[in-house]
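Written below as structure tokens is the structure these notes are about.
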Amino acid sequence: MGKYTVVLSSIAVVCILWFGIAQENSVYSTHDSEAQSQIQKLQQINHKMTENSIRTNRWHIYARNDRQETLPEEKMNGFVESQMDHLNMFDWHHAEQQDGTQVWKGVRTDQQSALTESMKLHALPVGKDEYRTYYTYEASMIPNSTDANPAFSLLINTEKMPEWLEQSEFFTRVEGALPENHETTLEKWGETIAKVFSAKIVEELQEASFVSTSAYTPLWDSQLETNGEPMNLQIALRMNENGLGGETTVTIGTPIITTEY
């Protein structure tokens, strides 16, 4: 897909990457050539959050390769079997959806590092015994330090990394929480976080208990275009209003956040 739109909703803000609304207003631009840079971005975000007393809870990487390739069933099955054989460290399961889409999901969990990796191989029926394929990858872990280079993935930047993952579009995010009993407004926190990334704010949504900021930072090459301006950084802050001293969550993603926040 060549076009995307960043959609901000006052109730639940969702970044719809692949089936965006009004796609003509947002274009995916260049992205980093090496997947390893995604881990470096996570470390960079983590470091800047820690410097500003923001606790980090979890790191995430999401990748998708929408190959727009049509394969006959026999060839598709052969490709899937080769992937499962090559990636035999994953626990694989197959499921068929109601529309006939075939999905193979592989999961790997490392209890020691609190790391979970998963990938899905999707095959959508487009004709008799013909399928269009696309592939997704997700990884998440609890960071153990700001400076360590963790074994975040068995795949990224290793000989096990499949070709389709090397050619995927990557999205990273870090989740955390503001210091307890902070007195700064959410709006000010959003501006402060953008500033530490040397980012120019291009779009904002502000509510009493929620702030979302889209910005552009020169620190990273990957970017989207929204409302005619480049952006590659999203910051979301949400105040938990349940009980006294509720926690304020922070989500920072690049080039956009790929989940509800």
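The values are calculated or read from the model by the stated rules, or taken from the named source; none is laboratory data. Bear in mind that the values here come from a model prediction, so they are computed numbers and not experimental data. For neighbour counting, all protein chains shown are included, and Cβ atoms are generated from backbone atoms with ideal geometry for every residue, glycine included.
Of note:
- Scanning segment 181-210 for residues that are assigned to a loop (DSSP other than H, G, I, E, B) and under 21 Å from SER222 (Cα atoms) turns up PHE197, SER198, ALA199.
- Test: GLU260 is farther than 24 Å from THR116 by Cβ and either of a type outside the set (Asp, Glu) or assigned to a loop (DSSP other than H, G, I, E, B) (or both): no
- Among residues that are in contact (Cβ under 8 Å) with a residue 12 or more places away in the chain and in contact with a helix residue (DSSP H, G or I) (Cβ under 8 Å, 6 or more places away or on another chain), LEU205 is not included.
- Checking TYR28 against (1) within 30 Å of GLY127 (Cβ to Cβ); (2) loosely packed, with under 14 Cβ neighbours inside 10 Å; (3) at pLDDT below 90; (4) hydroxyl-bearing (Ser, Thr, Tyr), the condition it does not meet: (2)
- Some residue of segment 215-223 being free of Cβ contacts under 8 Å to residues at least 24 places away in the same chain, in a strand (DSSP E or B) and farther than 17 Å from ARG58 by Cα: yes
- Note on segment 93-109: residues that are free of Cβ contacts under 8 Å to residues at least 40 places away in the same chain and within 22 Å of the chain's Cα centre (by Cα) total 6.
- Selected residue (only one of LEU124, LEU87 is in contact (Cβ under 8 Å) with a residue 60 or more places away in the chain and either farther than 30 Å from ALA177 by Cβ or of a type in the set (Val, Ile, Thr) (or both)): LEU87
- Here is the figure for segment 52-70: residues that are buried (at least 19 other Cβ atoms within 10 Å of the Cβ) and within 21 Å of LYS128 (Cα to Cα) total 0.
- Subset of segment 161-189 [surrounded by fewer than 16 Cβ atoms within 10 Å (Cβ to Cβ), among the polar types (S, T, N, Q) and within 19 Å of MET84 (Cα to Cα)]: GLN167
- Of all residues in segment 99-114, exactly one satisfies the criterion of being under 30 Å from ASP129 (Cα atoms) and hydroxyl-bearing (Ser, Thr, Tyr), namely THR101.
- Residues satisfying the stated conditions in segment 111-132, i.e. in a strand (DSSP E or B) and under 20 Å from the mean Cα position of the chain (by Cα): LEU115, THR116, GLU117, SER118, MET119, LYS120, LEU121, HIS122
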